[in-house]
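Okay, structure first, notes after.
The values are calculated or read from the model by the stated rules, or taken from the named source; none is laboratory data. Quick caveat, the model's predicted, so the values are computed rather than measured. Reconstructed Cβ throughout: ideal geometry from the backbone, glycine too, with neighbour counts over all protein chains shown.
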Amino acid sequence: MPIDVTKEGRQSMHVYDVIVVGAGPSGLAAAIAAKQCGLDYKVLEQGLLVNSIFHFPINMRFFTTPELLEIGELPFVTPYDKPTRQEALRYYRRVTDSYQLNIELGESVIDLKSPEVTSRSEFTVETQSEGKGKRQFYSRTVVLALGCYDYPNRLSIPGEDLPHVSHYYSEPHAYYCKQVIVVGGKNSAAEAALELYRAGAKVTLVHRREELGQSIKYWVRPDILNRITEGSIAGCFEAQVVEIRVGEVVIEHSDKLHTLPAEAVFLLTGYRTDTSLMSQAGVRIASDTYIPEHDPATFETNVDGLYIIGTAITGIHSGRIFIENGRFHGQVAIKQILKRFNRKKS
């Protein structure tokens, strides 16, 4: 259903039926649905294919079984009960190749304007990339599948941007025999602490609550608790990091300040979606939860023709949407877009 529009003195510009922003599992599922429905679509991704999964810890194993990660009715084949990060990357590459999806990688969307604020009858999507500079795309509808892993929850404390501090954990070898502070109390922090300890790091886990989160994987939870109980991993609970310095961190515990040695610090305190694109397009965002206004049955926002799917709809509550349930959002949104086009035809 491509449309070409021409304005006086300007070259005709191609208008897509739908532009999907983000090439994670939700975005790929939306692209597959769009292609199957015969829609003219394009996917724009600022990083790599399934960029969030690529930045997961190298040795990470998924909590779920492989069939719950499947999209496009393509089987996820693995000899393991729970697939690895590497297998997931391979699977989503195979999905993309099998459907020959129209994806542009390394294409950052820097501006999104709805028809309400332009003289055009469609969305204007401005992008920037290293090889092609700034470009503009036009689309009758837009699906935002932004994810949340690119934007960590910052502590906003002195020293957070020092070179030995990271909001992401990859692999443990570089920290052998080093004093490492891991901040957080959920899966990411627990798994990183265990891997670092087993690679020979001297690990301290700092968590602001009195106990670890209940959502920690059932096979990880007893492991981390036992290591803390026996003293293999030091646990500092009901404590907050208030400053990071070269070689040490300052924590507040029981209204007193303490310093802990730290040659490396991992702030694994969760992630959230960047809402700037939504705001640019006119989506209303809840000030307390950062949840965008949307219809949970269709994923359409208060901006006509703009849909948000995946973890981007959860605001600060990113743990409520996983690949297992978010992978269906794209089909729902595309189904609504198809209905929308059919209504306009009739």
| remark: Flagged pairs (Cβ under 8 angstrom, 6 or more apart or on separate chains; first in the range 97-117, more than 17 Å from Asn51 (Cβ to Cβ) and touching a residue at least 60 places away in the same chain (Cβ under 8 Å); second among the acidic types (Asp, Glu) and crowded, with 16+ Cβ neighbours inside 10 Å) are Pro115/Glu122
| Candidates Val77, Val21 - the one that is touching a Gly at 6+ places or on another chain (Cβ under 9 Å) and either within 23 Å of Gln100 (Cα to Cα) or in the same structural domain as Glu300 (by TED's automatic domain parsing) (or both) | Val21
| Looking at this structure, is Ile285 surrounded by fewer than 19 Cβ atoms within 10 Å (Cβ to Cβ), among the hydrophobic types (A, V, I, L, M, F, W, C), without any contact (Cβ under 8 Å) to a residue 40 or more places away in the chain and under 30 Å from Ala33 (Cα atoms)? | yes
| task | Tell me, yes or no, whether the range 235-256 has at least one residue that is without any contact (Cβ under 8 Å) to a residue 24 or more places away in the chain and among the polar types (S, T, N, Q). | result | yes
| query | Inside the range 1-47, can you point out the residues that are part of a loop (DSSP other than H, G, I, E, B) and modelled with pLDDT of 80 or more? | reply | Gly22, Ala23, Gly24, Cys37, Gly38, Leu39, Asp40, Gln46, Gly47
| request: Go through Ser121, Ser139, Ser188 for me and flag whichever is closer than 20 Å to Ala281 by Cα, among the hydroxyl-bearing types (Ser, Thr, Tyr) and surrounded by 18 or more Cβ atoms within 10 Å (Cβ to Cβ). | output: Ser139
| query | Got a number for residues in the range 290-337 being of a type in the set (A, V, I, L, M) and in contact with a strand residue (DSSP E or B) (Cβ under 8 Å, 6 or more places away or on another chain)? | reply | 9
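This table checks each residue for (1) within 27 Å of Gly213 (Cα to Cα); (2) crowded, with 17+ Cβ neighbours inside 10 Å; (3) within 18 Å of the chain's Cα centre (by Cα); (4) modelled with pLDDT of 95 or more.
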site	(1), (2), (3), (4)
Pro261	yes, no, no, yes
Arg272	yes, yes, yes, no
Ile308	no, yes, yes, yes
Phe322	yes, yes, yes, no
Asn325	yes, no, yes, no
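Please work out if Leu267 is surrounded by 13 or more Cβ atoms within 10 Å (Cβ to Cβ), of a type in the set (A, V, I, L, M, F, W, C) and more than 26 Å from Cys148 (Cα to Cα).
So Leu267 fails the test.
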| task | Would you check if Ser156 is part of a loop (DSSP other than H, G, I, E, B) and either assigned by TED's automatic domain parsing to the domain that holds Ile321 or touching a His at 6+ places or on another chain (Cβ under 9 Å) (or both)? | result | no
| Taking the range 84-125, which residues are assigned to a loop (DSSP other than H, G, I, E, B) and of a type in the set (Lys, Arg)? | Arg120
| said: Can you tell me which condition Tyr169 does not meet? The list is (1) in the same structural domain as Arg284 (by TED's automatic domain parsing); (2) within 25 Å of the chain's Cα centre (by Cα); (3) touching a residue at least 12 places away in the same chain (Cβ under 8 Å), and all the others hold. | reply: (1)
| task | Considering only residues that are of a type in the set (A, V, I, L, M) and not in a loop (DSSP other than H, G, I, E, B), look in the range 48-83 and name the one that is farthest from the chain's Cα centre (by Cα). | result | Leu68
| task | List every residue pair whose Cβ atoms sit under 8 Å apart, with the two residues 6 or more apart in sequence or on different chains, where the first one lies in the range 30-41 and is under 13 Å from Ile103 (Cα atoms) and the second, anywhere, is among the charged types (D, E, K, R) and assigned to a helix (DSSP H, G or I). | result | Tyr41/Lys35
| field | Number of the condition not met by Lys134 [criteria: (1) without any contact (Cβ under 8 Å) to a residue 60 or more places away in the chain; (2) part of a strand (DSSP E or B); (3) touching a Phe, Trp or Tyr at 6+ places or on another chain (Cβ under 6 Å); (4) not polar (S, T, N, Q)] | value | (3)
| Within the range 155-190, can you find the residues that are over 16 Å from Ile244 (Cα atoms) and aliphatic (A, V, I, L, M)? | Ala174, Ala189, Ala190
| task | List the helices (runs of 4 or more DSSP H) that sit entirely inside the range 184-297 and contain at least 3 residues that are on the phi < 0 side of the Ramachandran plot and touching a Lys or Arg at 6+ places or on another chain (Cβ under 7 Å). | result | 187-198
| request: Just give me the residues in the range 16-66 being among the hydrophobic types (A, V, I, L, M, F, W, C), closer than 14 Å to Tyr92 by Cα and surrounded by fewer than 20 Cβ atoms within 10 Å (Cβ to Cβ), in sequence order. | output: Leu48, Phe54
